[in-house]
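K.L.:
Structure provided below as structure tokens; questions to follow.
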Amino acid sequence: MRWYVSIGAVLVAGILAGSDAAGVTAPSPKNQLGNQPNHPPGRELVQKEATVDVELVLAVDVSYSMDMDELAIQREGYAQAIVSKEFLQALKTGPNGKIAVTYFEWAASSDQKIIIPWRVIDGPETADAVANEIMKTPIRRASRTSISGAINFAMPLFEENPHRGLRRVIDISGDGPNNNGSPVVVARDAAVEKGIVINGLPIMVKEPSYSTMDIDNLDDYYEDCVIGGPGSFVVTIKEREKFKEAIRTKLLLEVAGRTPERPVVPVAGKEKEPRVNCLIGEKIWQDRWGR
């Protein structure tokens, strides 16, 4: 059964205390892949070896289905979350008190651009530097939506990171299903096999449109097809004014190493609905363009 909880001001205390997340969907059993360990085989991440608490890849959708206002709010959301006092408090909850983060934007399977190379955030100064760099980069848009391409691009970034972490997380935001590149479940499963956790931020602030290849149940799609690994979760954005708060919620959970623990409001009947077709984006594209 899946659960949602409402976004509210109480989320910060709850996250730092190990309680509930805001707007969160708990992990689906099918994408846990047998409750595999949260590190790759042969790479024991014991505390004495780790220099950071989490290696966090922020993979941000810039496809044309995102309007310019959404892209601007998304950028601001990540920048403001990183410098927030709640985020800086969350840093202190880990044994190392710091994280490594890299931020890239993606669209088609061959279109990924790193905005922030691997950086350590260990306090206000380093947080400010990362946030300022995010905000000063010109906003761009590009064609197609390849979540699988984003995952495949993210995986080798961990091997390039000089800062070893206790956890490795890919944080994916997007407003549509995969319609380009390899099937998303293939990429997801490959990442989980390497001990990487994938969390999702499905953006559902607009009514689904035929012209942008939206789907009604993007949150279900992200849970069934995108996220994976022990403790993986989805934070859904359904109101534009909650955009920045949802981004902050997800980052706080990831930095503090928390997952939803106490369900608040069950979504009636969700457990009875059939799972989303993980090739729905490819099917829509094929039906419309014949390729």
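The values are calculated or read from the model by the stated rules, or taken from the named source; none is laboratory data. As the structure is a prediction and not an experimental result, all values here were calculated from the model. No Cβ is skipped: glycine too gets one built from the backbone with ideal geometry, and neighbour counts run over all protein chains shown.
K.L.:
Evaluate the following for E159: is it without any contact (Cβ under 8 Å) to a residue 40 or more places away in the chain and in contact with a strand residue (DSSP E or B) (Cβ under 7 Å, 6 or more places away or on another chain)?
P.N.:
Numbers: without any contact (Cβ under 8 Å) to a residue 40 or more places away in the chain: yes; in contact with a strand residue (DSSP E or B) (Cβ under 7 Å, 6 or more places away or on another chain): no.
No: the conditions fail for E159.
K.L.:
Right, something else. Can you tell which of K283, K242 is at pLDDT 75 or above and surrounded by fewer than 15 Cβ atoms within 10 Å (Cβ to Cβ)? Talk me through it step by step, then tell me what you get.
P.N.:
Values: K242 fails: surrounded by fewer than 15 Cβ atoms within 10 Å (Cβ to Cβ).
Matching residue, one of K283, K242: K283.
K.L.:
Now, a different point. For the range 239-247, indicate whether the set of residues that are assigned to a loop (DSSP other than H, G, I, E, B), in contact with a Lys or Arg (Cβ under 9 Å, 6 or more places away or on another chain) and without any contact (Cβ under 8 Å) to a residue 40 or more places away in the chain is non-empty. If you could, list the steps in order and put the result at the bottom.
P.N.:
Residues of the range 239-247 that are assigned to a loop (DSSP other than H, G, I, E, B), as a first pass: 239.
Next cut, in contact with a Lys or Arg (Cβ under 9 Å, 6 or more places away or on another chain) only: none.
No, there is no match, as no residue in the range 239-247 is assigned to a loop (DSSP other than H, G, I, E, B), in contact with a Lys or Arg (Cβ under 9 Å, 6 or more places away or on another chain) and without any contact (Cβ under 8 Å) to a residue 40 or more places away in the chain.
K.L.:
Now a separate question. Kindly establish whether R188 is surrounded by 22 or more Cβ atoms within 10 Å (Cβ to Cβ), farther than 19 Å from G77 by Cβ, out of contact with any Cys (no Cβ under 9 Å at 6 or more places or on another chain) and of a type outside the set (A, V, I, L, M, F, W, C).
P.N.:
Working: surrounded by 22 or more Cβ atoms within 10 Å (Cβ to Cβ): yes; farther than 19 Å from G77 by Cβ: yes; out of contact with any Cys (no Cβ under 9 Å at 6 or more places or on another chain): no; of a type outside the set (A, V, I, L, M, F, W, C): yes.
Against the criterion (surrounded by 22 or more Cβ atoms within 10 Å (Cβ to Cβ), farther than 19 Å from G77 by Cβ, out of contact with any Cys (no Cβ under 9 Å at 6 or more places or on another chain) and of a type outside the set (A, V, I, L, M, F, W, C)), R188 does not qualify.
K.L.:
Of (1) at pLDDT 85 or above; (2) within 27 Å of G181 (Cβ to Cβ), V255 satisfies all except one. Which?
P.N.:
(2)
K.L.:
What's the number of the condition K272 fails, among (1) out of contact with any Phe, Trp or Tyr (no Cβ under 6 Å at 6 or more places or on another chain); (2) within 17 Å of I172 (Cβ to Cβ); (3) modelled with pLDDT under 90?
P.N.:
Here K272 meets the rest and fails (2).
K.L.:
Hey, another quick one. Given (1) more than 19 Å from K283 (Cβ to Cβ); (2) surrounded by 19 or more Cβ atoms within 10 Å (Cβ to Cβ); (3) not polar (S, T, N, Q), where does K194 come up short, assuming only one miss?
P.N.:
With respect to (1) more than 19 Å from K283 (Cβ to Cβ); (2) surrounded by 19 or more Cβ atoms within 10 Å (Cβ to Cβ); (3) not polar (S, T, N, Q), K194 is out only on (2).
K.L.:
Given the structure, is V46 at pLDDT 95 or above, of a type in the set (A, V, I, L, M, F, W, C) and either under 19 Å from V197 (Cα atoms) or part of a strand (DSSP E or B) (or both)? Spell out the reasoning first.
P.N.:
Working: at pLDDT 95 or above: no; of a type in the set (A, V, I, L, M, F, W, C): yes; either under 19 Å from V197 (Cα atoms) or part of a strand (DSSP E or B) (or both): yes.
In short, no.
K.L.:
Looking at the range 82-176, what strands (runs of 3 or more DSSP E) fall wholly within it and have at least 2 residues that are surrounded by fewer than 18 Cβ atoms within 10 Å (Cβ to Cβ), modelled with pLDDT of 95 or more and within 19 Å of the chain's Cα centre (by Cα)?
P.N.:
Working: elements: 99-106, 112-121, 165-174.
Correct list: 112-121.
K.L.:
Could you list, ordered by first residue, the pairs with Cβ atoms under 6 Å in which the first is in the range 275-290 and part of a helix (DSSP H, G or I) and the second is at pLDDT below 80, at least 6 apart or interchain?
P.N.:
If the second residue must be at pLDDT below 80, the pairs left are I284/M213.
K.L.:
Continuing with the same structure: Scan the range 106-123 and report the pairs whose first residue is within 12 Å of A59 (Cβ to Cβ) and whose second residue is among the basic types (K, R) and crowded, with 19+ Cβ neighbours inside 10 Å, with Cβ atoms within less than 6 Å and a gap of 6+ or a chain change.
P.N.:
A107/R144
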